[in-house]
Amino acid sequence: MSRTALLIRTHFVDEHLRVFADRLRNEGVFDVFILADETKEELDFGDLPKVSLRADTASALDLYDVPQNLYWRCGDYGLYAARKLLPDYDGFWMIEPDARLKSERPSDMLSRFPSCSEVDFLAGRLRPAEADWDWARTMQPDEGPVWRCLFAVVRVSAAALDTLHAARRRASLLHRARGRGPEAWPNDEAFVASTLARLGFACRDLNDFGQIYDEAGFSFWLPISEREFDTSGRDGWLYHPVLSGQPYFLKLCRLAMRLGALDELELIVERQIGAEWSADEARAHRRAIDFLRTQRDIATAGPPLAAE
């Protein structure tokens with residue numbers, strides 16, 4: 001048994017995820033568990049062991065439980081649940097379902113990093129946070145520097161998790177006592193990176209041990225086509241988010257609305273006919289884009305003229 005377990009974090013189950021989980025388990029490098037958000041429904045992964053996150057899990061961990069999409073926003077909660085259920089491991093890898101490891105043996109990509117006794121926290125895009133980062137305002141700057149990362153693929157030592165859990169519990173009590181709302185509650189990326197950096201834990205970027213990602217292919221906003229990943233992804237590299245079909249289109253929509261790039265989105269839809277979607281599906285996507293343009297125009301229009 002590896003001393004580090006591997007968690008696949010998900011709120012859904014599909015054939016791709018089943019195959020990926022079985023592949024990792026069959027490689028025999030890590031003990032593999034499904035970290036399953038089952039607040040809406042139970043997820044059936046057959047005989048793969050699960051760490052289940054339910055509606056009462058956060059309160060059982062003495063953690064603030066008000067925000068919507070709680071276990072996605074606060075992915076560290078799942079790590080605390082895993083640490084409690086699986087106390088014999090010295091750390092955990094956690095991988096999101098839309099992350100991809102381009103390798104014949106993905107486990108080998110993860111096993112080459114220094115052990116948890118040497119590095120407490122591994123993450124991509126780990127750095128001091130920009131002042132205008134959305135989540136920066138949720139961390140008190142007078143308590144130390146604010147850091148950020150991408151939580152799509154991370155590894156956290158057991159020692160770091162114990163410290164983080166205790167800090168989250170204290171923060172939960174203070175948050176309630178001060179009457180703060182859910183909008184001020186830090187997400188996983190801000191809380192984990194900032195807390196561990198402030199306390200002097202060994203925190204390293206995944207690229208510090210040889211480049212395995214770039215910011216174009218490993219990000220929050222810019223989705224990558226599953227077919228593009230299959231045909232042109234670099235061996236030994238990480239990618240996120242990798243999507244196909246409707247989820248790919250919806251992610252593109254959110255990015256296009258954020259950037260005001262609906263014309264560019266329409267060009268992508270045309271280019272992907274026959275790859276990500278059929279001509280009929282593309283027509284439906286174009287109708288959706290036209291609707292988004294209407295909503296954008298309404299939002300940017302001035303108030304109606306007062307009646308004379």
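Since every read-out is calculated from the coordinates, none of them should be taken as a lab result. All values reported here derive from a predicted model rather than from experimental measurement. Glycine also receives a Cβ, built like all others from the backbone with ideal geometry; neighbour counts cover every protein chain displayed.
Taking the alpha-carbon distance from Lys102 and a cut-off under 17 Å, which aspartates and glutamates remain once sequence neighbours fewer than 8 residues away in the same chain are dropped?
Cα-Cα hits under 17 Å: Asp22, Glu27, Asp214, Glu215, Glu226, Glu228, Asp230, Asp235.
Between Arg258 and Arg178, what is the spin-label point distance in nm, taking each point 7 Å from the Cα along the Cα→C-beta axis?
2.6 nm
Which residues in segment 250-278 have a backbone N closer than 17 Å to a point placed 7 Å from the Cα of Asp290 along the Cα-to-Cβ line?
262-267, 269-270
Using 0.36 nm per residue, how much length does the chain from His16 to Ala216 gain when fully extended, once their Cα-Cα distance is taken away? Write down the numbers at each step before the final one.
Numbers: separation 200, 0.36 × 200 = 72.00 nm, distance 2.35 nm.
Result for the pair: 69.6 nm of gain on full extension.
Mind running the shape call on segment 224-300? Use the C-alpha gyration tensor, a ≥ b ≥ c as the square roots of the eigenvalues: rounded below 1.5 for a/c, prolate if a/b tops b/c, oblate otherwise.
oblate
Which residue, Gln68, Phe30, Thr195, has the largest displacement toward the positive end of the dipole of the chain when charges sit on each Cβ (Lys, Arg +1; Asp, Glu -1)?
Going by the charge dipole, the pick is Thr195.
Using R₀ = 25 Å, calculate the FRET efficiency as 1/(1 + (r/R₀)^6) where r is the Cβ-Cβ separation of Asn26 and Phe209; round to 0.05. Please list the in-between numbers first.
Working: r = 25 Å, r/R0 = 1.02.
In this case the efficiency is close to 0.45.
Rounded, prolate or oblate: which fits segment 147-225, taking a ≥ b ≥ c as square roots of the Cα gyration tensor eigenvalues, rounded meaning a/c under 1.5, else prolate when a/b beats b/c?
Judged from the Cα gyration tensor, segment 147-225 comes out oblate (a/c at least 1.5, b/c at or above a/b).
Using a 7 Å offset from the Cα along the Cα-to-Cβ direction at both Trp133 and Glu104, what is the distance between the two label points in nm, to one decimal?
Roughly 3.8 nm, to one decimal.
Under a point-charge model restricted to the Cβ atoms of Lys and Arg (+1) and Asp and Glu (-1), what is the dipole moment magnitude of segment 4-209 relative to its Cα centre, in debye to the nearest 20?
For segment 4-209, the charge dipole is close to 480 debye.
Per residue of segment 209-217, what does 6.51 cos²θ - 1.76 cosθ + 1.60 with θ = phi - 60° give for ³J(HN,Hα)? Whole Hz please, x for Gly and Pro, Karplus curve as stated.
Result, ordered by residue: 10, x, 5, 10, 7, 10, 6, 6, x Hz.
Calculated FRET efficiency, Leu250 and Glu143, Cβ-Cβ r, R0 45 Å, to nearest 0.05?
So, using R0 = 45 Å, E works out to roughly 0.75.
Ranking Phe33, Phe201 by Cβ neighbours within 10 Å, fewest first, what do you get?
Phe201, Phe33
Given axes a ≥ b ≥ c from the Cα gyration tensor, I'd like to know whether the chain is rounded (a/c under 1.5), prolate (a/b larger than b/c) or oblate.
On the way: a/c = 1.74, a/b = 1.23, b/c = 1.42.
It is oblate, given that a/c is not under 1.5 and a/b is not larger than b/c.
Roughly what % antiparallel, to the nearest 5, for the DSSP beta bridges in the chain?
Restricted to the chain, the bridges split so that about 40 percent are antiparallel.
Residue by residue through segment 228-243, which ³J(HN,Hα) values in whole Hz follow from phi under the Karplus form 6.51 cos²θ - 1.76 cosθ + 1.60 (θ = phi - 60°), with glycine and proline marked x?
Once rounded to whole Hz, the list reads 5, 4, 4, 9, 10, x, 7, 4, x, 10, 9, 9, 5, x, 9, 9.
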